[in-house]
Amino acid sequence: MLILQDITYIHPNRDLLFADIDLIINKQDKVALIGNNGSGKSTLLKIFAGELQPTSGLVKTSSIPYYVPQIFGQYNHYTIAEALRINHKLNALKEILNGHLTEENMTLLDDDWAIEERCREALAYWKLDEFELSQKMESLSGGQKTKVFLAGIGIHRPEIVLLDEPSNHLDEFGRNMLYHYITNTTNTLLFVSHDRTLLNLLDTVCELSNHGISTYGGNYEFYAEQKMIESDALGQDLKSKEKALRKAKEIEKESLERQQKLDARGKKKQEKAGLPTISMKTFKNSAEKSTSRMKGVHAEKVGAISQELTQLRKELSGVDKMKIDFDNSALHKGKILVTARNVNFAYGGQQLWKQPLSFQITSGERLAVKGLNGSGKTTLIKMILGELMPRFGTIDRADVKAIYIDQDYSLIDNKLSVYEQAQQFNSGALQEHDIKIRLNRFLFTKEYWDKLCLALSGGEKMRLMLCSLIISSQAPDIIVLDEPTNNLDIQNIEILTSAIDQYQGTLIVVSHDEYFLKEINVKNSMILGQ
């Protein structure tokens with residue numbers, strides 16, 4: 001069981017992250033924790049794991065949780081055994097078998113005589129047989145590091161498992177193994193993930209936001225349906241409030257015009273009656289006070305409705321706030337862009353693919369490039385873009401404009417401000433105010449314009465990349481997306497999906513995210529390494 005009571009966390013710089021969080025996860029529950037980037041999901045997971053202490057509140061766990069982190073750089077100088085925190089136990093076993101039967105070694109081993117066998121079995125299960133426990137973590141790929149920590153579940157055999165974006169670096173094979181574990185385990189699970197396929201395997205979704213934690217009793221599809229209902233209700237509230245604001249402003253205008261006519265008519269009567277100046281001044285002051293009171297009453301009403309409307313607009317999701325208008329590619333649909341005949345590449349004299357590749361890519365096509373880690377996906381993309389020439393075979397390319405967007409959004413220059421970055425793509429000589437209008441559409445308000453791109457999150461860089469492409473006077477003929485959902489939260493994945501849905505050019509996507517591929521209508525696949 002996992003329990004949080006009135007948990008508050010304040011950053012060392014005194015910024016409040018979240019407050020008064022309550023959550024109960026019962027034995028063998030499988031719960032997803034979702035929320036926008038920066039909402040505090042990973043922090044909450046670390047608090048459960050005991051790696052961070054809350055500023056206030058109470059944390060209870062029925063046993064020590066096993067924690068799989070999202071970021072592994074801090075473990076690079078560790079061995080696999082050290083990263084998994086089993087090095088002391090393994091050393092103690094080795095010492096005992098060598099005759100050093102000390103009390104300290106017996107305490108460290110804690111009667112766990114099968115530790116070595118479990119290590120071998122767990123590493124073999126995750127296809128890490130070739131690695132020794134003494135090997136440094138820095139020699140492993142991102143996917144292999146993830147698998148090391150997943151193997152730790154079989155080694156430590158915990159009751160409670162906490163996982164932070166576990167599918168991020170896994171290839172399709174690794175993801176399927178992870179999905180199998182989630183489906184069949186009796187562990188109590190708490191996940192932070194944006195992988196919608198994974199989220200659909202769980203029976204509870206908890207959303208962390210600035211309102212606290214909201215619990216939805218179902219998988220991701222159920223959560224999405226409920227959010228759609230909430231969004232539709234919010235949309236109706238917005239329309240109703242906007243109508244009320246227009247009506248209030250019309251009434252305000254009509255009332256003031258009527259009062260002004262009455263005041264003017266009264267003034268003429270007073271003048272015709274030839275009243276003394278002092279009486280005229282009294283009448284004027286009275287009319288001005290009456291008009292002022294009326295203005296105050298209407299201004300208060302309009303202001304209250306405007307404030308309510310502003311608050312409702314803040315509740316809108318990023319997708320609902322944004323306006324995306326991709327230009328179409330200038331190429332006619334079906335034009336042959338790339339033709340490859342028996343192409344192959346070689347590293348160290350070893351051909352990359354067992355069978356040479358032959359294929360065509362046509363304008364308007366949506367193609368997924370799939371394969372296990374190390375199957376040559378990146379090499380193939382570079383060949384398609386003309387950055388690499390095949391060692392064998394031929395590849396012909398049409399003269400087209402192509403954009404390659406990797407998962408780190410390297411097209412964004414971290415030294416530039418947000419506005420300067422947008423200006424880099426201003427090939428149509430847009431005026432400054434036009435660029436800023438487009439930045440606003442992508443949720444970059446004036447507070448962002450002078451902010452360095454270096455300080456942007458992955459989701460913000462993605463939005464700035466999309467905004468820059470829209471600012472460009474000519475849409476690219478080909479967009480290549482390399483693992484585009486890896487560093488994005490669900491809201492930003494929805495924004496990316498909405499943008500790509502409207503793009504009419506050629507799309508090539510390297511991704512293991514089947515849910516995303518289905519949403520952007522990718523129907524053709526090229527699978528490497530088969």
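The values are calculated or read from the model by the stated rules, or taken from the named source; none is laboratory data. Predicted, not measured: the structure shown is a model, and the values here were computed from it. Reconstructed Cβ throughout: ideal geometry from the backbone, glycine too, with neighbour counts over all protein chains shown. For the accessible areas, the whole protein counts, side chains as well, though only heavy atoms, and no ligand, DNA or RNA atoms are used. Shrake-Rupley method; radii C 1.70, N 1.55, O 1.52, S 1.80 Å.
Checking each residue in region 503-520 for being open to solvent by less than 10 Å² (accessible area, probe 1.4 Å) and either of a type in the set (K, R) or in a loop (DSSP other than H, G, I, E, B) (or both) picks out Y503, G505, S511, D513, I520. Each residue in region 347-389 was checked for being within 14 Å of L528 (Cβ to Cβ) and touching a helix residue (DSSP H, G or I) at 6+ places or on another chain (Cβ under 7 Å), and 7 of them qualify. Looking across Y448, Y409, one residue alone is surrounded by 13 or more Cβ atoms within 10 Å (Cβ to Cβ), aromatic (F, W, Y) and either at pLDDT 85 or above or more than 22 Å from I490 (Cα to Cα) (or both). It is Y448.
Table: residues versus (1) at pLDDT 90 or above; (2) buried (at least 18 other Cβ atoms within 10 Å of the Cβ).
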{"site": "N487", "(1), (2)": "no, yes"}
{"site": "I490", "(1), (2)": "no, yes"}
{"site": "D501", "(1), (2)": "no, no"}
{"site": "V522", "(1), (2)": "yes, yes"}
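For region 446-500, a residue qualifies if it is acidic (D, E) and within 25 Å of D399 (Cβ to Cβ), and the qualifying residues are D477, D482. With the structure loaded, tell me whether F131 is open to solvent by less than 80 Å² (accessible area, probe 1.4 Å) and within 20 Å of E165 (Cβ to Cβ) or whether it fails that test. So F131 does not fit the description; no.
A quick yes/no check of all residues on (1) of a type in the set (D, E, K, R); (2) at pLDDT 90 or above; (3) touching a Gly at 6+ places or on another chain (Cβ under 7 Å):
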{"position": "D15", "(1), (2), (3)": "yes, no, no"}
{"position": "N37", "(1), (2), (3)": "no, no, yes"}
{"position": "P54", "(1), (2), (3)": "no, yes, no"}
{"position": "G73", "(1), (2), (3)": "no, no, no"}
{"position": "W113", "(1), (2), (3)": "no, yes, no"}
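In region 452-470, of all residues being of a type in the set (A, V, I, L, M), part of a helix (DSSP H, G or I) and at pLDDT 85 or above, the one that is surrounded by the fewest Cβ atoms within 10 Å (Cβ to Cβ) corresponds to L454.
When E95 is tested against the conditions (1) within 19 Å of H156 (Cβ to Cβ); (2) in a helix (DSSP H, G or I); (3) open to solvent by 50 Å² or more (accessible area, probe 1.4 Å), the lone failure is (1).
Quick test of your reading of the structure: M389 fulfils all but one of (1) surrounded by 15 or more Cβ atoms within 10 Å (Cβ to Cβ); (2) modelled with pLDDT of 90 or more; (3) of a type in the set (A, V, I, L, M); (4) within 30 Å of H512 (Cα to Cα). Name the failing condition by number. Evaluating M389 over (1) surrounded by 15 or more Cβ atoms within 10 Å (Cβ to Cβ); (2) modelled with pLDDT of 90 or more; (3) of a type in the set (A, V, I, L, M); (4) within 30 Å of H512 (Cα to Cα) leaves (1) as the failure. Would you confirm whether any residue within region 420-432 is farther than 14 Å from L469 by Cα, under 22 Å from the mean Cα position of the chain (by Cα) and among the small types (G, A, S)? There is no residue in region 420-432 that is farther than 14 Å from L469 by Cα, under 22 Å from the mean Cα position of the chain (by Cα) and among the small types (G, A, S). Of all residues in region 155-173, those that are over 19 Å from the mean Cα position of the chain (by Cα) and open to solvent by 30 Å² or more (accessible area, probe 1.4 Å) total 5.
Look at (1) touching a residue at least 24 places away in the same chain (Cβ under 8 Å); (2) more than 16 Å from I403 (Cβ to Cβ); (3) surrounded by fewer than 24 Cβ atoms within 10 Å (Cβ to Cβ) and you find that P476 fails only one, number (2). Of the residues in region 393-400, none is under 20 Å from the mean Cα position of the chain (by Cα) and either of a type in the set (D, E, K, R) or at pLDDT below 85 (or both). Applying the set (1) part of a helix (DSSP H, G or I); (2) open to solvent by less than 40 Å² (accessible area, probe 1.4 Å) to N440 leaves exactly one unmet item: (2). Has region 428-436 got at least one residue that is closer than 21 Å to E483 by Cβ and part of a loop (DSSP other than H, G, I, E, B)? So far as region 428-436 goes, no, none of its residues is closer than 21 Å to E483 by Cβ and part of a loop (DSSP other than H, G, I, E, B).
Taking the options Q70, Q53, Q74, name whichever one is outside any helix (DSSP H, G or I) and more than 21 Å from the chain's Cα centre (by Cα). Please lay out each step first, then the result.
Working: Q70 fails: more than 21 Å from the chain's Cα centre (by Cα); Q74 fails: outside any helix (DSSP H, G or I).
Result of the check over Q70, Q53, Q74: Q53.
I'd like the full set of residues that are open to solvent by 40 Å² or more (accessible area, probe 1.4 Å) and either part of a helix (DSSP H, G or I) or closer than 20 Å to S511 by Cβ (or both), limited to region 353-386. Within region 353-386, L372, N373, G374, T378, K382, L385 meet the criteria.
Conditions tested, residue by residue: (1) touching a residue at least 60 places away in the same chain (Cβ under 8 Å); (2) touching a helix residue (DSSP H, G or I) at 6+ places or on another chain (Cβ under 7 Å); (3) closer than 28 Å to R120 by Cβ; (4) open to solvent by less than 30 Å² (accessible area, probe 1.4 Å).
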position	(1), (2), (3), (4)
L2	yes, yes, no, yes
Y9	no, yes, no, yes
I24	no, no, no, no
I34	yes, yes, no, yes
F48	yes, no, no, yes
A81	no, yes, yes, yes
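Restricting attention to region 174-194, the residues that are within 24 Å of the chain's Cα centre (by Cα) and closer than 11 Å to V31 by Cα add up to 6. In the set (1) in contact with a Phe, Trp or Tyr (Cβ under 9 Å, 6 or more places away or on another chain); (2) open to solvent by less than 50 Å² (accessible area, probe 1.4 Å); (3) more than 20 Å from I47 (Cα to Cα), L201 fails one condition alone, (2). Here S167 fulfils each of the conditions (1) of a type in the set (S, T, N, Q); (2) touching a helix residue (DSSP H, G or I) at 6+ places or on another chain (Cβ under 8 Å); (3) over 25 Å from M1 (Cα atoms) apart from (3).
Selection of strands (runs of 3 or more DSSP E) fully inside region 152-246 by the criterion of at least 3 residues being in contact with a Leu (Cβ under 6 Å, 6 or more places away or on another chain) returns 160-164, 188-192. For D396, the test of being over 29 Å from K382 (Cβ atoms) and either open to solvent by 40 Å² or more (accessible area, probe 1.4 Å) or in contact with a helix residue (DSSP H, G or I) (Cβ under 6 Å, 6 or more places away or on another chain) (or both) is failed.
Yes/no per residue for (1) open to solvent by less than 50 Å² (accessible area, probe 1.4 Å); (2) in a helix (DSSP H, G or I); (3) closer than 24 Å to H77 by Cα:
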residue: D112; (1), (2), (3): yes, no, no
residue: R120; (1), (2), (3): no, yes, yes
residue: E138; (1), (2), (3): no, yes, yes
residue: K145; (1), (2), (3): yes, yes, yes
